[in-house]
Structure formats: C-alpha cells, structure tokens
Amino acid sequence: MVVANKYVVVTPFVGTPKKTDFRIVEEELPALQDREFLAEAAYFSVDPYQRVKLGNQYPCDMIGGQIAIVTESKNPDYPVGVWVMGHFGWRTHTIVKPDEDKLHSQRPYLYKLPDFGDLPVTLGLGVCGRVGNTAYFGLTEICQPKIGDTVVVSAAAGAVGSHVGQIAKILGCRVIGFASTEEKCEWLVNELGFDSAGNYKTIDIAEFLKKNAPNGVDCYFDNVGGVISSIVMSHMNHYGKIAVCGAISSYNETDVGTSKALIVERYIVAKELKVEGFQVNRFADRSMEGIRQNLQWVKEGKLKYREHIFNGFDNAPEAFIGLFNGVNIGKTLVKI
Ligand SMILES: NC(=O)c1ccc[n+]([C@@H]2O[C@H](COP(=O)([O-])OP(=O)(O)OC[C@H]3O[C@@H](n4cnc5c(N)ncnc54)[C@H](OP(=O)(O)O)[C@@H]3O)[C@@H](O)[C@H]2O)c1
C-alpha cells in the first residue's frame with residue numbers, strides 16, 4: 001500500500017501566509033482501478049494564485065501544479081516512466097484518473113510532458129508550462145505589442161514578468177521592468193536584455209518612466225496592481241493596452257474591500273486605454289502551442305530562465321511565503 005504525504009491548509013490565510021497555516025497529513029491510497037495511474041511528485045510549483053484560490057472549506061488540501069513520474073499504471077496512455085504535469089496539489093503521491101480531466105477547474109489539469117531534450121523537466125512548471133503560457137498569451141493576445149512599442153512589466157524579475165519582458169524584446173519592443181532589488185534589476189538588464197529596470201522601492205517611478213519611456217508607454221503587463229500600476233497607467237499613450245495578469249500587491253491585504261482605491265479611471269478615459277484582465281486557463285486549448293513556441297525560443301537561446309529551487313517536501317511553505325517577500329528570482333519550485 002502507498003502512503004501519500006500531503007499539505008493541508010488548516011485555516012484561511014490571514015495577511016502573509018505562515019508556516020503554521022499548514023499541516024502535513026498522511027493518506028493511505030487504495031489499489032489502482034482500471035484506467036488509473038499512480039504519480040509520484042518530483043517538483044511542486046509555487047505560485048501566487050495559491051494564496052487566493054483556495055475554497056471556502058477548511059481544512060482543505062493545498063492546491064498547485066506538480067511535475068510527477070508515473071510509477072504504477074493501469075492506463076496504457078500513461079505507462080510507467082512517463083513524466084506528467086498535473087494540478088494534483090502539494091502531495092507526494094496521487095492516484096490519477098485521466099478520463100476525468102475535463103472535470104477540473106484548473107485547465108489543462110493533466111498532460112504528458114513534451115520532450116524537452118537535454119533541458120530539465122522543471123521547465124514544465126516554468127517557461128514551458130503554465131507560467132510560460134501566461135507570459136506568451138498574455139502579452140501576444142492581450143497587449144498585442146507592435147515593433148517599437150514601449151512595454152512596461154511589473155514583478156519583472158519573477159517567473160511571469162521575466163518571461164514577458166524577453167518575449168517583448170523578441171518582438172522588437174523597448175522593455176522596462178520594475179523589481180524590488182538592485183540585483184534583480186541588474187539581472188533584467190545585463191542578462192535578459194531589458195532596456196531598463198528600476199527598483200520600485202527606492203526610485204521615483206514617475207521620474208523613472210519620464211526618463212526611460214520619454215515617448216510614453218504603449219503596453220503594460222501588470223502583475224502587481226496598486227500604486228506601481230496607477231503610476232504606470234498615468235504614463236500610458238493614447239489607446240495603450242494593459243494586460244492585468246495579477247495583483248500580488250493586494251493578495252495579503254485583509255481589507256481589500258474597504259481600503260481607499262487608487263483612481264485610475266481618469267487615465268483610462270483620457271487616454272482611451274484598453275484594460276483587460278485574463279486568466280491563462282482561457283488559452284487552455286492552445287497550451288501546447290505556447291509550450292512549443294517557448295521551448296523553441298529556449299533552444300534558440302532567445303529566452304533565458306532562472307529557477308529558485310527549494311529542496312525538500314518540508315520546505316514548501318517557506319518557498320510559498322518567499323513569493324510575498326520577493327525572495328525569488330525567476331520561477332519558484334520545490335524539489336521533493
Ligand atoms: N492571470 C493568470 O492566469 C496568471 C497566471 C500566473 C501568474 N499570475 C499572476 O502573475 C503575477 C506574477 O506571478 P509569478 O508566478 O510570476 O510570481 P513571481 O513574480 O515569480 O513571484 C512573485 C513576485 O511578486 C513580487 N511581489 C510580491 N509582493 C509584492 C508587492 N506587495 N508589491 C509588488 N510586488 C510584489 C515579488 O517581486 P519583487 O521582489 O520584485 O517585489 C515576487 O518575487 C502574480 O500576480 C500572479 O498572481 C496570473
């Protein structure tokens with residue numbers, strides 16, 4: 001009999017998540033039924049959405065994607081030894097029923113990893129997975145930048161942001177990023193080819209934009225919301241486009257509904273901006289297209305990636321909390 005270890009969230013997060021919000025629970029797994037397989041986790045994905053997308057019932061299993069290997073199978077489509085990406089949550093072993101794929105809210109819920117060649121399977125959670133598709137579809141479909149456009153990215157040294165900026169460069173844009181440390185900003189400019197990057201904790205963002213985007217901002221890929229975003233919006237050009245990907249600056253707020261709102265509507269009206277929120281799930285049916293394109297760019301050396309890997313199942317909460325303190329550069333993962 002296989003015993004899985006899984007993370008349970010004991011009570012709703014209040015403010016920044018804490019290690020004590022989690023408990024590790026053992027679960028005995030039943031024998032496999034026809035068309036099921038057993039997946040053993042190799043890496044957990046650690047993502048900001050896990051902070052805001054848990055349900056209303058507690059305790060509840062921690063959600064999340066993982067890269068896993070098939071170790072037992074009664075499904076010929078998923079033989080032993082195959083690598084999969086699955087939204088199984090933070091658990092070491094999972095009995096998977098592929099036929100129920102479409103029942104899950106997170107899509108795609110399950111797929112066999114494409115052949116990454118010599119590249120690591122971890123790409124399946126980063127540049128060649130959901131994160132990469134968020135960057136690819138969010139920028140190309142929502143912002144639709146043109147050659148020569150000025151593109152601004154917030155949380156630019158994170159998993160999605162660092163990827164967005166590089167695609168914008170591939171597409172011939174001028175790219176400006178915001179991140180919280182000098183080290184992150186240097187990485188963006190010196191290694192990823194951003195035209196400029198500013199430490200939003202120490203600079204005057206408006207002055208920085210006046211200097212580095214003298215002709216205004218055409219596209220804004222917003223990962224954070226709040227003050228940074230309202231300042232960027234005030235520097236948009238007429239008919240500028242804003243892809244609202246996330247609002248991490250507010251995820252740990254306890255009074256989102258009552259806090260005083262920043263007024264951005266005057267910029268939206270005056271500049272006739274197009275502001276569109278999106279979820280990568282919208283592009284689930286095209287996910288292999290995004291993965292293949294990103295993989296090709298990685299292989300061509302046009303797209304660089306960095307992974308922030310925490311070692312060990314026990315360190316998953318620390319990795320998660322780190323997202324909200326800006327500990328990571330690039331994609332955060334946990335090696336099981
Ligand atoms: N719409 C979708 O389908 C979709 C899919 C994936 C991700 N997202 C969103 O995209 C954003 C980035 O996600 P990711 O996975 O790439 O995470 P990430 O950027 O790798 O990690 C989060 C980063 O957010 C920044 N941050 C944390 N607290 C902040 C605050 N109060 N103000 C400003 N920045 C803050 C930190 O960077 P600094 O150190 O630079 O502050 C941190 O490194 C998140 O908002 C996430 O929810 C959306």
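A few comments on the model shown:
- Test: residue in the stretch 51-58 that is within 16 Å of Phe22 (Cα to Cα), assigned by TED's automatic domain parsing to the domain that holds Pro12, in a loop (DSSP other than H, G, I, E, B) and within 16 Å of the ligand (Cβ to nearest atom): yes
- Among the numbered conditions (1) closer than 23 Å to Ser230 by Cα; (2) touching a Lys or Arg at 6+ places or on another chain (Cβ under 6 Å), the only one that Val152 does not meet is (2).
- Selected residue (criterion: nearest to the chain's Cα centre (by Cα)) from residues of the stretch 24-48 that are surrounded by fewer than 12 Cβ atoms within 10 Å (Cβ to Cβ) and in a strand (DSSP E or B): Glu26
- The residue that is surrounded by the fewest Cβ atoms within 10 Å (Cβ to Cβ), counting only those in the stretch 200-228 that are over 21 Å from Val327 (Cβ atoms) and of a type in the set (Gly, Ala, Ser), is Ala206.
- Here Glu318 fulfils each of the conditions (1) assigned to a helix (DSSP H, G or I); (2) surrounded by fewer than 16 Cβ atoms within 10 Å (Cβ to Cβ); (3) out of contact with any helix residue (DSSP H, G or I) (no Cβ under 9 Å at 6 or more places or on another chain) apart from (3).
Listed here are the residues, each with its yes/no results for (1) in contact with a helix residue (DSSP H, G or I) (Cβ under 7 Å, 6 or more places away or on another chain); (2) surrounded by fewer than 19 Cβ atoms within 10 Å (Cβ to Cβ); (3) not small (Gly, Ala, Ser).
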| site | (1), (2), (3) |
| --- | --- |
| Thr11 | yes, yes, yes |
| Gln50 | yes, no, yes |
| Gly55 | no, yes, no |
| Cys60 | no, yes, yes |
| Pro76 | no, yes, yes |
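- Taken over the stretch 245-303, residues that are touching a His at 6+ places or on another chain (Cβ under 9 Å), within 16 Å of the ligand (Cβ to nearest atom) and aliphatic (A, V, I, L, M) amount to 1.
- Within the stretch 117-136, no residue that is acidic (Asp, Glu) sits with its Cβ atom under 7 Å from a residue that is surrounded by fewer than 24 Cβ atoms within 10 Å (Cβ to Cβ) at 6+ positions apart or across chains.
- Among the residues making up the stretch 206-244, those that are within 13 Å of the ligand (Cβ to nearest atom), touching a residue at least 40 places away in the same chain (Cβ under 8 Å) and under 20 Å from Cys185 (Cβ atoms) are Phe221, Asp222, Asn223, Val224, Ile228, Ser229, Val232.
- Some residue of the stretch 169-179 being touching a residue at least 12 places away in the same chain (Cβ under 8 Å), at negative phi and among the aromatic types (Phe, Trp, Tyr): yes
- Segments classed as helices (runs of 4 or more DSSP H), wholly inside the stretch 104-199, with at least 2 members that are buried (at least 22 other Cβ atoms within 10 Å of the Cβ), away from the ligand (no atom under 12 Å from the Cβ) and assigned by TED's automatic domain parsing to the domain that holds Gly216: 159-170
The values are calculated or read from the model by the stated rules, or taken from the named source; none is laboratory data. Please read all numbers here as calculations on a predicted model, not as lab measurements. Every residue, glycine among them, receives a Cβ derived from its backbone with ideal geometry; neighbour counts consider all protein chains shown.
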